[in-house]
Amino acid sequence: MQDKVRVRIAPSPSGNLHIGTARTALFNYLYAKKTGGTFVLRIEDTDALRTEQAYVDNIFDSLKALGLNWDEGPDVGGEYGPYTQSKRFDIYPKYAQMLVDKGYAYECWCTNEELEHEKEEAVKNHKAYVYSRKCLNITPEQKEQYIKEGRKPSIRFKVEHKELVFNDMVKGELKFDTSLIGDFVIMKSNGAPTYNFAVVIDDMLMKITHIIRGEDHISNTPKQILIYEALGAKVPEFGHLGMILAPDRSKLSKRHGATAVSDFVKEGYLTDALINFVALLGWSPSDSHEIKTVDEIAQDFRINEISSSNSIFEYDKLNWMNGQYIKKMDISKLTDLIIPFLSDYDLSELSREKLEKMVEITREPLTTLKDIKDDVPYFFGQKVPYDEVKDLLGTELSRNVLTKFIELATSWDFCDEEKIHNDLADFRAYFKEKYSYKPKETMWAVRAALTGRTKGADMAGIIMILGKDRVISRAKDGLNLKIGA
Ligand code: GLU
């Protein structure tokens, strides 16, 4: 019988959650969803020097924000915890000892200097370095001597030389010559496990059935399979995802733009758009609709259809997709997300209702939430700067339009957007008929006076949000600019 699918994401908290790790998490999550399996989060913090609690928090928050909720993990627990490697340090030595007892591993007493020397020799002889196995068969006397010297042993795995073949879910059949690997350390002399050992013990004890991860781990996989075999454990299925490259085909890095999920969020990307976008880095939908929720993607997801090649992170496409999500998002939710980007303005000037209206009428051209900041200054404060529209306001047309506008708008109903819309239409029609002004010229004059700009959101909405006092006083400012000039 097929084991129940158990997959995991196992980030190392040495940085904020990388967008590549988010994609790996997503593909694991999708596979669990698709198969009715379990998605596990394990924090791999064996490298104490590079681990920070802030990064652990960031990983939790980012995965949650992306909707990648785990079934078992450090915070929610589960049958196979603890789910943080540093809390599992008492588990690893006994498995290492088991391997030593069975002859699959041995103590290595070499000092760093001795190992460095071996490496230098290999370089000198133009050979790839593999450990010399100097400690494989040491005598009890030698061991005694090392102990006396105060040396502490590491434990090395004794690599069996063979051709190792496995069928990768994404890459297909992969073959390795294990004689090139060299006996590798599984427990350091300070008692800490190495990544390759801890990961196998944890995946084995957590009953992980499928390991989906980046192809940067392919070279680790033969080592890990050898450990499974030595332990007599079932080897899980592996699937290695192609890398995510920058548009210039180099490794995606900060110089190309944001790379951590939380940085994308700070830049004004929506997590729904982000997760949709990263799904397309290696996976394609069976229909032509790229905009999909994670649930929709899960239904359509097949692991063996993941592309085995690298994917290019097209920031332009992400921008487009983000814009699509901004246009479709529930206004109240969008307003909540936009508020942090409006810290330059005194938001208490607008009621929640007006704020939402402002978001509704300004969202259309946005690619990121951050963009809104430059599009809305005229909704705040009493006056607007006229530097950009001085000439426009100085024309006879503008003077005519604004004089009439002040006269008529004074009696408009500023609470009824629909009515304002109709009043503006009548207003344009009046000038067209009487003075042959083009409707857009009439509106330019009004817009210039009320916003200090020639382009922007829908005028009826702007007028309603600004309210009567500010509309009339700015219209007068625009008119007076001409008189005073
Ligand atoms: N902690 C490893 C990493 O962040 C996990 C690798 C794996 O999935 O086995 O790269």
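The values are calculated or read from the model by the stated rules, or taken from the named source; none is laboratory data. All figures in this text were calculated on a predicted structure; none of them were measured in a lab. Glycine also receives a Cβ, built like all others from the backbone with ideal geometry; neighbour counts cover every protein chain displayed. Accessible surface is based on the protein model in full, side chains and every heavy atom, while ligands, DNA and RNA are left aside. Shrake-Rupley method; radii C 1.70, N 1.55, O 1.52, S 1.80 Å.
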(message) Using only the alpha-carbon atoms, how far is helix 195-205 inclined from the longest principal axis of the chain? Give it as 0 to 90 degrees, nearest 10.
(response) 90 degrees
(request) Taking the chain as the reference, fit the longest principal axis to its C-alpha atoms, fit the long axis of helix 439-451 to the helix C-alpha atoms, and give the angle between the two in degrees, 0 to 90, nearest 10. (result) 70 degrees
(request) Between beta-carbons, use under 10 Å as the cut-off and find the net charge around LYS370, counting Lys and Arg +1, Asp and Glu -1. (result) -1
(message) If each residue of separation counts as 0.36 nm, what is the full-extension length gain between ALA48 and HIS289 once their alpha-carbon separation is subtracted?
(response) 82.3 nm
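Take the solvent-accessible surface of the protein heavy atoms, probe 1.4 Å, and return the percent of it on the chain that carbon and sulfur atoms account for. The partial results should precede the final answer.
Details: 11680 of 23770 Å².
Heavy-atom surface of the chain belonging to carbon and sulfur, 1.4 Å probe: 49 percent.
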(message) If you scale each eigenvalue of the Cα gyration tensor by 5 and take the root, what three semi-axes come out for the chain, rounded to whole angstrom and sorted largest first?
(response) 66, 22, 19
(request) Run through all the Cα pairs of segment 150-190 and give the fraction in each 5 Å bin from 0, expressed as whole percent. (result) 6, 20, 17, 16, 15, 12, 7, 4, 2, 1
(message) Report the Rg/Rh value for segment 355-482, based on alpha-carbon coordinates and the Kirkwood definition of Rh.
(response) 0.95
(request) May I ask you to derive the relative contact order of segment 300-385, considering only C-alpha pairs under 8 Å and at least 6 residues apart, and to give it as an integer percent? (result) 35 percent
(message) Taking the Cα centroid of segment 336-388 and of segment 175-208, what is the distance between the two, rounded to the nearest whole Å?
(response) 54 Å
(request) May I have the extent of the alpha carbons of segment 58-141 along their three principal axes, as whole Å values ordered from largest to smallest? (result) 52, 33, 18
(request) Give, as a single signed number, the net charge of other residues whose beta carbon lies under 14 Å from the beta carbon of LYS432, with Lys and Arg counted +1 and Asp and Glu -1. (result) +2
(request) Give, rounded to the nearest 20 debye, the magnitude of the charge dipole that segment 272-382 has about its Cα centre when Lys and Arg contribute +1 at Cβ and Asp and Glu contribute -1 at Cβ. (result) 40 debye
(request) Once you have the Kirkwood Rh of segment 329-375 from its Cα pairs, apply Stokes-Einstein at 4 °C and 1.567 mPa s and quote D in µm²/s. (result) 121 µm²/s
(request) Round to the nearest 10 and give me the degree value, 0 to 90, for the angle of helix 221-231's Cα axis relative to the longest principal axis of the chain. (result) 50 degrees
(message) At a 10 angstrom cut-off on C-beta neighbours, averaged per residue, how do the peptides 459-467, 390-398, 445-453 rank from highest to lowest?
(response) 445-453, 459-467, 390-398
(request) Could you run the Debye sum over the Cα atoms of segment 203-265, one equal point scatterer each and no solvent, and tell me log10 of I(q)/I(0) at q = 0.27 Å⁻¹, two decimals? (result) -1.14
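When the dipole is taken about the Cα centre of the chain, and only Lys, Arg (+1) and Asp, Glu (-1) are charged at their Cβ, what size is it in debye, to the nearest 20?
Charge dipole of the chain: 420 debye, to the nearest 20.
Could you give the alpha-carbon Rg of segment 192-317 over 2.2 N^0.38 Å, rounded to two decimals? Each step should come with its number before you reach the end.
Numbers: Rg = 17.2 Å, N = 126, 2.2 N^0.38 = 13.8 Å.
Compactness ratio reported: 1.25.
What number, in percent, do you get for the relative contact order of the chain if the mean sequence gap of Cα pairs under 8 Å and at least 6 apart is divided by its residue count?
Details: 709 pairs, mean separation 60.5, N = 485.
It rounds to 12 percent for the chain.
Work through the residues other than GLU353 whose Cβ is under 12 Å from its Cβ and net out their charges, Lys, Arg +1 and Asp, Glu -1. Provide the component values of the computation, followed by the final result.
Details: positive: ARG352, LYS354, LYS357; negative: GLU356, GLU360, GLU417.
Neighbour charge sum, excluding GLU353 itself: 0.
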